[in-house]
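Reading through the structure tokens given below for one structure.
The values are calculated or read from the model by the stated rules, or taken from the named source; none is laboratory data. Since the structure is predicted, the reported quantities are computational estimates derived from the model, not experimental observations. Note: ideal-geometry Cβ built from the backbone for every residue, glycine included; neighbour counts use all protein chains shown. Each accessible area value is taken on the protein alone, full model and side chains, heavy atoms only, with ligands, DNA and RNA left out. Shrake-Rupley method; radii C 1.70, N 1.55, O 1.52, S 1.80 Å.
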Amino acid sequence: MIRDFTLNDVLYLVAAMRWTLALTAIAFIGGGIVGLSVALLRVSAMAPLRWIGTVYVHVVQGTPLLAWLFVFFFGLSIVGVEVSPWIAAAAAYSIYAGAFLGEIWRGCLQAIPKTQWEAGASLGLGIGAQLRCIIIPQAVRLGIPPTVGFLVQLIKNTSLAAVIGFVELTREGQLTTAVTFRPFTVYLTVAALYFALCFPLTQVSRRLERRLHVAR
Amino acid sequence: MSLVELKDVVKRYGQNQVLNGVSLTVEKGEIIAIIGRSGSGKSTMLRCVNGLEPIQGGSVSFEGTKVNDPNTDLRKLRQHVGIVFQSFNLFPHLSVEKNITLAPKVVKGVAPAEARALAESVLRKVGLAEKIDAYPDQLSGGQQQRVAIARSLAMQPTLMLFDEITSALDPELVGEVLKTLEEMARDGMTMMLVTHEIGFARRVANRVVFMHHGKIWEQGPAAETLGKPATPELETFLSAVLH
Ligand SMILES: Nc1ncnc2c1ncn2[C@@H]1O[C@H](COP(=O)(O)OP(=O)(O)OP(=O)(O)O)[C@@H](O)[C@H]1O
Ligand SMILES: [Mg+2]
């Protein structure tokens, strides 16, 4: 039965945004942990560790996110392991975001001159303290714009989770279209809602960058 | 036991043998000026003393501890050996105070309140007490280099290494840094300094070490060695730098 596109539908779409946000948060936190590990592996002084990091990044960047979602949701259930959509999404998105964030952060770490590590080492700081007190604080400032850029991509890519049953913003839009036959209005609304999520982020990123720059 | 002992040190970068059996001892309180042509291995030798460069042969020891032994805790050793670089290498994201107090706080566990006082005292030594809250990019090159010296001094090292610390400075800023060095010399600090300032070496150093082709080619008391070189290589080098 076809019905009109009403304010109620808009509210449903807005409500569906919470899944978009939840997925983004999980992906960003999981991906952040994986990504930091990958970045550290890739700048390690030990060659085998660097190789592990490199292989990981190449494999993940060379495969579609959709494939990882399928592997964790359908693949594992075929071999008898039942996983909830949340677990599957958390695993797939962490793996995916980890590779990209890892690469972004590796670049930032490597942009800090070797002499900064040396200056720290010469003062008796260990590797951990060099990273924590000298390298990472400088790398973070460089890392904010590309990280936020990736976060914006991530928000949009959470729509892929619809294939394993999440009714997030895009999927809710599809469902609304199916009952209202108003694709133009519905998807325009969906697009506007994505924009409302992403635009402030890029603004915050700019402000943060400027503030960190002033405070060095 | 000498403070620093290098014995037949060999250092290679791939095929390129940079140190060809360098032997040198430094006693406590000595001031050693290291001179030589570009590429002769001066920086490399200095960096072997605090273990920044691994070596392929021979041995380096500091206060009897083998620097090139894998079991040596380099972090501990480096608390006693300060190094100042040509390019300052201050931490650009930290204020002068934080640059100076970082290592004392993290490595030695100095309390924040004491740390500020420590920063003030080493900054007074280099004549920059009023810059304690500045950031490195608000300072001139000469000031940055003096902060770098203060940062090393805050660890109360036994030995200071200086690698051409005035080479990146405008001529009018060289004097203030050399003056700081002279004051440290007067306080009895043991120093090994790579320098192109021959006049300064003659005035301040006890001993001059001339490096050539990865070897210590000639060494001796500063005035004598610089005044009457024993080898034609040093003579050539000196006439090239002095003219
Ligand atoms: N990290 C490195 N990798 C490869 N070769 C290096 C490295 N560092 C130095 N070398 C080489 O080692 C040799 C000695 O270098 P070193 O920096 O010790 O010379 P130096 O006497 O300090 O010269 P300068 O007066 O130009 O500073 C040079 O031939 C240089 O090219
Ligand atoms: Mg050099």
* Solvent-accessible surface (1.4 angstrom probe) belonging to A:S205, in square angstrom, nearest 10 -> 10
* B:A111 paired with B:E130, simple spin-label distance in nm, labels 7 Å along Cα-to-beta-carbon -> 3.2
* Asked: Rounded to the nearest 0.05, what FRET efficiency is calculated for A:A196 and A:R3 with R0 set to 35 Å and r the Cβ-Cβ distance?
  -> 0.90
* Excluding residues fewer than 8 places away in the same chain, name every one of the lysines whose C-alpha is closer than 22 Å to that of B:K125. => B:K28, B:K98, B:K105, B:K108, B:K179
* Asked: So what's the convex hull volume per residue for the Cα atoms of segment A:13-155, in Å³?
  -> 128
* Asked: In peptide A:108-120, what is the residue-averaged number of other protein chain Cβ atoms found within 10 Å of each Cβ?
  -> 3
* Asked: In what sequence, highest mean first, do B:183-191, B:45-53, A:128-136 appear when ranked by Cβ atoms within 10 angstrom?
  -> B:45-53, A:128-136, B:183-191
* Could you tell me the convex hull volume per residue, in Å³, taken over the Cα atoms of the protein assembly as shown? => 195
* Structure fact -> Relative contact order as a percentage, chain B, C-alpha pairs under 8 Å and 6+ apart, gives 26
* Label zone at B:R186, where the point sits 7 Å out along the Cα-to-Cβ direction: segment B:118-148 residues whose backbone N lies under 13 Å -> B:125-127
* How large is the dipole of the protein assembly as shown about the Cα centre if only Lys and Arg carry +1 and Asp and Glu carry -1, each at its Cβ, rounded to the nearest 20 debye? -> 560
* **Spatial extent of segment B:1-127: Rg and Dmax, with the Cα atoms as the point set, Å** => 16.9, 51
* Asked: Say the dipole of the protein assembly as shown comes from +1 at the beta carbon of Lys and Arg and -1 at that of Asp and Glu; which of B:Y135, A:V38, B:L123 then lies farthest toward its positive end?
  -> A:V38
* Asked: Could you give the accessible area per residue of chain A, probe 1.4 Å, as a whole number in Å²?
  -> 51
* Mind pulling the angle between the C-alpha long axis of helix A:183-214 and the longest principal axis of chain A? Nearest 10 degrees, somewhere in 0 to 90. => 20
* Structure fact -> Cross-link reach from B:K228 to aspartates and glutamates, straight Cα distance under 13 Å and at least 8 residues apart if same chain, gives B:E218
* **Selection from A:F181, A:A196, A:N157, by position along the positive dipole direction of chain A (Cβ)** => A:A196
* Between A:V167 and A:V79, what FRET efficiency comes out of the Förster formula 1/(1 + (r/R0)^6) with R0 = 30 Å and r the beta carbon distance, rounded to 0.05? -> 0.65
* Asked: What is the distance, in nm, between label points placed 7 Å from the Cα along the Cα-to-Cβ direction at B:H243 and at A:A25?
  -> 7.7
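Looking at chain B, I'd like the Rg to Rh ratio, where Rg is from alpha-carbon atoms and Rh is Kirkwood's inverse mean 1/r. Walk me through the intermediate numbers first.
On the way: Rg = 17.9 Å, Rh = 18.5 Å.
Using Cα coordinates only, the ratio equals 0.97.
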* To do: From the P(r) of segment A:1-75, can you give the percent of Cα pairs sitting at distances over 20 Å?
  => 56
* Structure fact -> Ranking B:M1, B:M155 from most to least accessible area with a 1.4 Å probe gives B:M1, B:M155
* Asked: In vacuo Debye scattering of segment B:93-134, one point per C-alpha: log10 I(q)/I(0) at q = 0.14, 0.28, 0.29, 0.34 Å⁻¹?
  -> -0.26, -0.95, -1.00, -1.18
* To do: Please report, in whole Å, how far the alpha carbons of segment A:103-208 spread along each principal axis, starting with the longest.
  => 69, 30, 15
* Please report the relative contact order for chain A, taking Cα pairs under 8 Å with a sequence separation of at least 6, and give it as a percent rounded to a whole number. => 30
* Asked: What angle do you read, to the nearest 10 degrees and between 0 and 90, between the alpha-carbon axis of helix A:47-61 and the longest principal axis of chain A?
  -> 20
